[in-house]
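Here is the structure we will look at.
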Amino acid sequence: MNSYIQVLSFTFSFSYGIFFYLASLLNKTILNKKSNITQIFITLIFIIDIVILYIYLMYKINNGKFHIYFIISMILGYMFMMFNKDKLYHFCKKNVNKLKKH
């Protein structure tokens, strides 16, 4: 695997961690008032789908070669979004309000 594909894989894994956080937040919001069994079942299917999608896309990027540092990069993307969610929310809200004024 050359360095270009590794950088692309790192970038994709980090971005996928951000996507995974936002998708899990949406999943949590949708399932908020469902029964516990429904929440567990749908969350299990959601996790399986997310994992299959990640494996498929990594296969397309670098022929399915996985290394632990790609998973660590995805976890860092997830944690980055977890810690910066409020900052991003306020940034987007401020810019939407600016657009509404014009």
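The values are calculated or read from the model by the stated rules, or taken from the named source; none is laboratory data. Predicted, not measured: the structure shown is a model, and the values here were computed from it. Cβ coordinates were reconstructed from backbone atoms using ideal geometry, including for glycine residues, and neighbour counts include every protein chain displayed. In case anyone asks, the SASA skips ligands and DNA or RNA and just uses the protein heavy atoms, side chains included. Shrake-Rupley method; radii C 1.70, N 1.55, O 1.52, S 1.80 Å.
Only helices at least 27 Å long along their axis, Cα-based, and averaging 0.5 or more on Kyte-Doolittle count here, so list those DSSP H runs from the chain. Walk me through the intermediate numbers first.
On the way: long enough: 3-30 (40 Å, 1.00); 36-62 (38 Å, 1.66); 68-101 (47 Å, 0.16).
Going by DSSP H runs, the hits are 3-30, 36-62.
Per-peptide packing, taken as the mean over residues of other Cβ atoms within 10 Å, places 55-64, 74-83 in the sequence 74-83, 55-64 from highest down. Surface exposure of segment 1-70, expressed per residue as accessible area with a 1.4 Å probe, stands at 71 Å². Lys100 to Ile37: FRET efficiency via 1/(1 + (r/R0)^6), r the Cβ-Cβ distance, R0 35 Å, to the nearest 0.05? For R0 = 35 Å, the calculated efficiency reads 0.25.
Between Tyr69, Ile47, His90, the Cα set farthest toward the positive side of the dipole of segment 43-102 (charges on each charged residue's Cβ, about the Cα centre) is that of His90.
Derived value for segment 2-102: Kirkwood hydrodynamic radius 15.5 Å. Basis is the mean of 1/r over every pair of different alpha-carbon atoms.
Taking 31 Å as the cut-off for C-alpha to C-alpha distance, list the pairs among Lys28/Lys87; Lys28/Lys94; Lys34/Lys65; Lys60/Lys87; Lys33/Lys85; Lys33/Lys87 that go past it. As for pairs spanning more than 31 Å Cα to Cα, those are Lys34/Lys65; Lys60/Lys87. Compared with the direct C-alpha span, the chain from Ile5 to Ile72 gains 22.5 nm at full extension, assuming 0.36 nm per residue.
Note on segment 53-93: with neighbouring protein chains present and a 1.4 Å probe, carbon and sulfur make up 72 percent of its accessible heavy-atom surface. Contact order, relative form, for the chain: 49 percent (alpha carbon pairs under 8 Å, 6 or more residues apart, mean separation divided by residue count).
The distance separating the Cα centre of segment 2-23 from that of segment 32-102 comes to 11 Å.
If you place +1 on the Cβ of every Lys and Arg and -1 on the Cβ of every Asp and Glu, how big does the dipole about the Cα centre of the chain come out, in debye to the nearest 20? Walk me through the numbers before you get to the answer.
On the way: 12 positive and 2 negative charges, 134 e Å.
Dipole about the Cα centre, nearest 20: 640 debye.
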